[in-house]
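Please read the structure below before turning to the comments.
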Amino acid sequence: MPSDFSDAARHARAAIPVPELSMNAIRSRAGGARRRERTRALVACAALVCAIGAGAGLGAKLYGGVNVWLFGDKAAIVVSSLVTTSSPTASQLREVIDRATFPVVLPAGLPPGAQAIRILYAPPDRPTSITIQYRSRRSSFTGGFTLMDSRAVNTDAALLPPGTRVGSVYQWTVGKETVIVALGSMSAGEVDRARAAMLAASPRATLERTEAALPRIAVLGGFFEIADRADRLAPAQGESVLLDRSYVRWISTLAKTNAPIYDRRTIYLSNIPMVRGVPDYSKATVHWPKTVAVSPAGVKAIDAMLAASGTDRNDCRCELLVNRPGAKTYRIWRIPIAAAEPVRKYAVDARTLAVTAVP
Amino acid sequence: MARWAPPELVTAAVAGDEPAVERLIAAVWPGCFRLAASVVGDRALAQDAAQEACVVVLRKIRSLRHPEAFDAWLYRIVMREAIRAGRRRDVSVENPERCLGAMDTASIDVWRALAALSPPLREATVLFYFDDLTSDEIASILRIPHATVRTRLARARERLRGVLGDYAGEPGSAPLEVRHYAI
């Protein structure tokens, strides 16, 4: 038994003086980690978005947006810029589809509960390439489809930038659209079902079906289950935004500085460099359009509601659904994270900030 | 396996109780730091690794399905962060007091002996001798085969024997406080 060495080792370790714990440093690092994770998530799905490999370098100068080369069941992709929207609403999806250069047949025949969780497209004004990433809450299904304007698909290998990786894919055409799915990203059965359903469907039918599964409200973080609940609660009238607990903490600071809450779900990436044969999204030029999700007046209304309801801002265990049906009133639902607790609804006068609990 | 924190605290943190998460981090912080320090042999790197491990706890504790898996989970995280931190600098603990703080002679011998091991041998040694983990548990934490753990421990023992012997100045005549290590 190595007990002697063990004793000495434990004694030596116990003698190490421990520095003071800094929760602020840990929280600050956690913020950085969240940003890195978001970039990694972006990389994971953009890469492409089908994991068919990519290269930008030379391509970034020669081509704009996303360019795809197809050689049978092999594909290569070059990305120089793209736009990504996470947790898209039905209207955001429709806007992208309406601007596309081709009649878009969206993925169909997906497993139950599959919902589009991110859209990536390029170029921003007239997309020739739209990638949609799905995730199902009822099954383990995740998958990404790249939908290309068939006219924008390259087949001339001579134009492929040197060093671009070529990967195996499933690919098929539906009307004027070429669909690409990375081999291994979904099972062959799932791909077959999607292909058959897409071939039998019209662009309009697939759009309606996809929209029906998307939230009507802008979901700025938080739990999927709460987002579903909030989407059911949100009235048809006026824009609705769901804020997670992290926003609850900031509200008083934002209210004091007369600042709005920005919607940062959409990100523009350009000048994506190629590093060792792979596009390095962390070094791309990133632009967040300043889309206001909740105006400074709305922030003050939320602040008043939190004060009136006695909500613990550091530990509210809730998310907030904010709706503005008209110029005079804000309606705010305090949705507890625990499903057993009741949802509380408040009306806040936009001018006087008077808060009324609504039964 | 060592108990990092009271089970009820872990359960509350896993359930999403935010103050409990902070109390849990405060409870595991000394252990995280000391484990990382044992692996990297440097205070600054250990602090960095321990903070990164606590960041993971802060962000991911809610995704832990079984609170009883917390101990193994945290070991894995701290080891991973410590190994990453260790890669950033090749630490040679010729002067353990400068790297780890003031200590007694016996502790200096331990750290010097540990510094003489390659990182893979050091990692297995730390978990086996400092934390009293079984080779199965070490295999699971380091995600390596059980046989590899045993090989590393055997090599580490061999190496430590030689190193601890060398400290005597004359091979084979190590001072008592070194020679009595039964490894």
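The values are calculated or read from the model by the stated rules, or taken from the named source; none is laboratory data. All values reported here derive from a predicted model rather than from experimental measurement. When we count neighbours, we look across all protein chains shown, and the Cβ atoms used for this are built from the backbone with ideal geometry, even at glycine.
For residues that are outside any loop (DSSP other than H, G, I, E, B) and hydrophobic (A, V, I, L, M, F, W, C), scanning just the range A:4-22, find the one that is farthest from the other protein chains (Cβ to nearest Cβ). Quick ask: steps written out before the conclusion?
Restricting attention to the range A:4-22, the residues satisfying the condition of being outside any loop (DSSP other than H, G, I, E, B) are A:4-14.
Filter once more, so that each one left must be hydrophobic (A, V, I, L, M, F, W, C): A:5, A:8-9, A:12, A:14.
Values: A:Phe5: 4, A:Ala8: 5, A:Ala9: 5, A:Ala12: 4, A:Ala14: 8 Å.
By that ranking, first place goes to A:Ala14.
Do any strands (runs of 3 or more DSSP E) lying entirely in the range A:81-170 carry at least 1 residues that are closer than 17 Å to A:Ala182 by Cα and within 17 Å of the chain's Cα centre (by Cα), and which ones are they? Before the answer, list the steps.
On the way: elements: A:82-86, A:114-122, A:129-136, A:142-149.
Because the criterion is at least 1 residues that are closer than 17 Å to A:Ala182 by Cα and within 17 Å of the chain's Cα centre (by Cα), the strands (runs of 3 or more DSSP E) in the range A:81-170 that meet it are A:114-122, A:129-136, A:142-149.
Can you say whether A:Ala75 is assigned by TED's automatic domain parsing to the domain that holds A:Thr164, over 24 Å from A:Asn271 (Cα atoms) and small (Gly, Ala, Ser), as far as the supplied structure shows? First the steps, then the outcome.
Numbers: assigned by TED's automatic domain parsing to the domain that holds A:Thr164: yes; over 24 Å from A:Asn271 (Cα atoms): no; small (Gly, Ala, Ser): yes.
No, not satisfied.
Being aliphatic (A, V, I, L, M), out of contact with any helix residue (DSSP H, G or I) (no Cβ under 6 Å at 6 or more places or on another chain) and farther than 30 Å from A:Arg331 by Cα: is that true of A:Val248 here? Don't jump to the end; show me each part of the working.
On the way: aliphatic (A, V, I, L, M): yes; out of contact with any helix residue (DSSP H, G or I) (no Cβ under 6 Å at 6 or more places or on another chain): yes; farther than 30 Å from A:Arg331 by Cα: no.
Spelling it out, it is not the case that A:Val248 is aliphatic (A, V, I, L, M), out of contact with any helix residue (DSSP H, G or I) (no Cβ under 6 Å at 6 or more places or on another chain) and farther than 30 Å from A:Arg331 by Cα.
Would you tally the residues in the range A:146-156 being buried (at least 22 other Cβ atoms within 10 Å of the Cβ) and free of Cβ contacts under 8 Å to residues at least 60 places away in the same chain? Even if it seems obvious, please write down each step before you answer.
Narrowing the range A:146-156 to residues buried (at least 22 other Cβ atoms within 10 Å of the Cβ): A:146-148.
Next cut, free of Cβ contacts under 8 Å to residues at least 60 places away in the same chain only: A:147.
Qualifying residue count, the range A:146-156: 1.
Just checking, which of A:Thr253, A:Thr356 is in contact with a strand residue (DSSP E or B) (Cβ under 7 Å, 6 or more places away or on another chain), without any contact (Cβ under 8 Å) to a residue 12 or more places away in the chain and over 30 Å from A:Gly163 (Cα atoms)? Please lay out each step first, then the result.
Details: A:Thr253 fails: in contact with a strand residue (DSSP E or B) (Cβ under 7 Å, 6 or more places away or on another chain).
Result: A:Thr356 is the single residue among A:Thr253, A:Thr356 that is in contact with a strand residue (DSSP E or B) (Cβ under 7 Å, 6 or more places away or on another chain), without any contact (Cβ under 8 Å) to a residue 12 or more places away in the chain and over 30 Å from A:Gly163 (Cα atoms).
One line per residue, one yes/no per condition, for (1) among the hydroxyl-bearing types (Ser, Thr, Tyr); (2) free of Cβ contacts under 8 Å to residues at least 60 places away in the same chain; (3) surrounded by fewer than 18 Cβ atoms within 10 Å (Cβ to Cβ):
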position: A:Ala100; (1), (2), (3): no, yes, no
position: A:Val104; (1), (2), (3): no, no, no
position: A:Gly109; (1), (2), (3): no, no, no
position: A:Leu120; (1), (2), (3): no, no, no
position: A:Arg135; (1), (2), (3): no, yes, yes
position: A:Ser140; (1), (2), (3): yes, yes, yes
position: A:Ala158; (1), (2), (3): no, yes, yes
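Which number in (1) part of a loop (DSSP other than H, G, I, E, B); (2) in contact with a strand residue (DSSP E or B) (Cβ under 7 Å, 6 or more places away or on another chain); (3) more than 30 Å from A:Ala339 (Cα to Cα) marks the one condition that A:Gly222 misses?
So A:Gly222 meets the others, but not (3).
Considering only residues of the range A:229-276 that are among the β-branched types (Val, Ile, Thr) and in a loop (DSSP other than H, G, I, E, B), which is farthest from A:Leu214 (Cα to Cα)? Quick ask: steps written out before the conclusion?
Taking the range A:229-276 and keeping what is among the β-branched types (Val, Ile, Thr), we get A:241, A:248, A:251, A:253, A:257, A:261, A:266-267, A:272, A:275.
Subsequent filtering for residues that are in a loop (DSSP other than H, G, I, E, B) retains A:257, A:272.
Working: A:Thr257: 34, A:Ile272: 29 Å.
It comes out as A:Thr257.
For A:Ala90, indicate whether it is surrounded by 15 or more Cβ atoms within 10 Å (Cβ to Cβ), among the small types (Gly, Ala, Ser), farther than 20 Å from A:Ala196 by Cβ and in contact with an Asp or Glu (Cβ under 8 Å, 6 or more places away or on another chain). Even if it seems obvious, please write down each step before you answer.
On the way: surrounded by 15 or more Cβ atoms within 10 Å (Cβ to Cβ): yes; among the small types (Gly, Ala, Ser): yes; farther than 20 Å from A:Ala196 by Cβ: yes; in contact with an Asp or Glu (Cβ under 8 Å, 6 or more places away or on another chain): yes.
Yes, satisfied.
Does the range A:183-197 include one or more residues that are touching a residue at least 60 places away in the same chain (Cβ under 8 Å), in a strand (DSSP E or B) and assigned by TED's automatic domain parsing to the domain that holds A:Thr131?
Yes; the residues of the range A:183-197 include at least one that is touching a residue at least 60 places away in the same chain (Cβ under 8 Å), in a strand (DSSP E or B) and assigned by TED's automatic domain parsing to the domain that holds A:Thr131.
Would a scan of the range B:58-66 turn up a residue that is within 17 Å of the chain's Cα centre (by Cα) and away from chain A (no Cβ under 12 Å)?
no
Looking at the range B:18-46 only, could you name the residues that are within 8 Å of chain A (Cβ to nearest Cβ) and over 30 Å from B:Trp111 (Cα atoms)?
B:Glu18, B:Pro19, B:Glu22
Need at least 3 residues that are within 28 Å of A:Ala15 (Cα to Cα) and in contact with a Cys (Cβ under 9 Å, 6 or more places away or on another chain) per element, so show me which helices (runs of 4 or more DSSP H) inside the range B:1-80 make the cut, counting only ones lying wholly within it. Please lay out each step first, then the result.
Numbers: elements: B:7-14, B:18-40, B:43-60.
Ranges flagged: B:18-40, B:43-60.
Just give me the residues in the range A:106-133 being under 11 Å from A:Val96 (Cα atoms) and out of contact with any strand residue (DSSP E or B) (no Cβ under 9 Å at 6 or more places or on another chain), in sequence order.
Scanning the range A:106-133 gives A:Asp125, A:Arg126.
Run B:Ser140 past the list (1) at pLDDT below 80; (2) surrounded by fewer than 21 Cβ atoms within 10 Å (Cβ to Cβ); (3) not in a loop (DSSP other than H, G, I, E, B) and report the number of the one that doesn't hold.
Result: B:Ser140 passes all but (1).
I'd like the residue in the range A:321-340 that is closer than 18 Å to B:Glu18 by Cα and in contact (Cβ under 8 Å) with a residue 24 or more places away in the chain and, out of all such residues, is surrounded by the most Cβ atoms within 10 Å (Cβ to Cβ).
Step one: filter the range A:321-340 for residues closer than 18 Å to B:Glu18 by Cα, giving A:335-339.
Then keep just the ones that are in contact (Cβ under 8 Å) with a residue 24 or more places away in the chain; that gives A:335, A:337, A:339.
On the way: A:Ile335: 24, A:Ile337: 16, A:Ala339: 9.
Only one residue fits best here, namely A:Ile335.
Here is a check on your reading of the model: is A:Ser28 within 16 Å of B:Ala49 (Cα to Cα), at pLDDT 70 or above and either touching a Cys at 6+ places or on another chain (Cβ under 9 Å) or of a type outside the set (Lys, Arg) (or both)? If you could, list the steps in order and put the result at the bottom.
Details: within 16 Å of B:Ala49 (Cα to Cα): yes; at pLDDT 70 or above: yes; either touching a Cys at 6+ places or on another chain (Cβ under 9 Å) or of a type outside the set (Lys, Arg) (or both): yes.
Yes, satisfied.
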